[in-house]
1. Using a Förster distance of 22 angstrom, determine the FRET efficiency expected from the C-beta separation of Thr22 and Thr90, and round it to 0.05.
2. Please compute the length gained on full extension between Ser83 and Ala29, using 0.36 nm multiplied by the number of residues separating them and subtracting their Cα-Cα distance.
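None of the figures in this text is laboratory data; all of them are computed from the coordinates on show. These numbers were taken from a predicted model, which means no experiment stands behind them. For neighbour counting, all protein chains shown are included, and Cβ atoms are generated from backbone atoms with ideal geometry for every residue, glycine included.
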Amino acid sequence: MAADPIALGSGSSVSAASPSLTTGATAPAGSTIVVAIYTGGSGGISSVSDGANTYTNIALVADGGGDVVELWCTANIAAPLASGSTISATGGTSFGFIAAFYLPTALASPLDVHVSGSGSGTSPTSGNTAATAQANEVVIGLVAGLDASNTTAQAFTAPSGYTDLVDPTQ
């Protein structure tokens, strides 16, 4: 069974062109780090770095209106990423949110299957994924929401059976 993800940190701003966060926990060697970034405007992140590990874009969802959600991953890190480290993204013209978490164990493959959705309302859904190829899969869900003027992050409560790792409104 895969281990539960552990939050590393988050940040939010609607004006920064290069979002970053300072980690509040240490990701041990051998773990997998996942970074989620929500960009507004023309969006589009070109790279993610913590100064020691190489991150790969594993998913990108665009809503057609210029908003983009991206997942970046670095698997099986060789050395611990210490608390107080900076994870930063490059690219985009404005962003709403960046968050990172780690899985204490390395994943066999950073991405097996994925599905995405976008829209508005109070009941977000991605739809169903195809069957997974690995045992012990990890499911990652990212819900990003801004107010009507796209300037303030909105609170979201995870439904029963899911765990909020990061809430930018707290």
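1. Working: r = 17 Å, r/R0 = 0.76.
My answer for the efficiency is 0.85.
2. So the extension gain works out to 18.1 nm.
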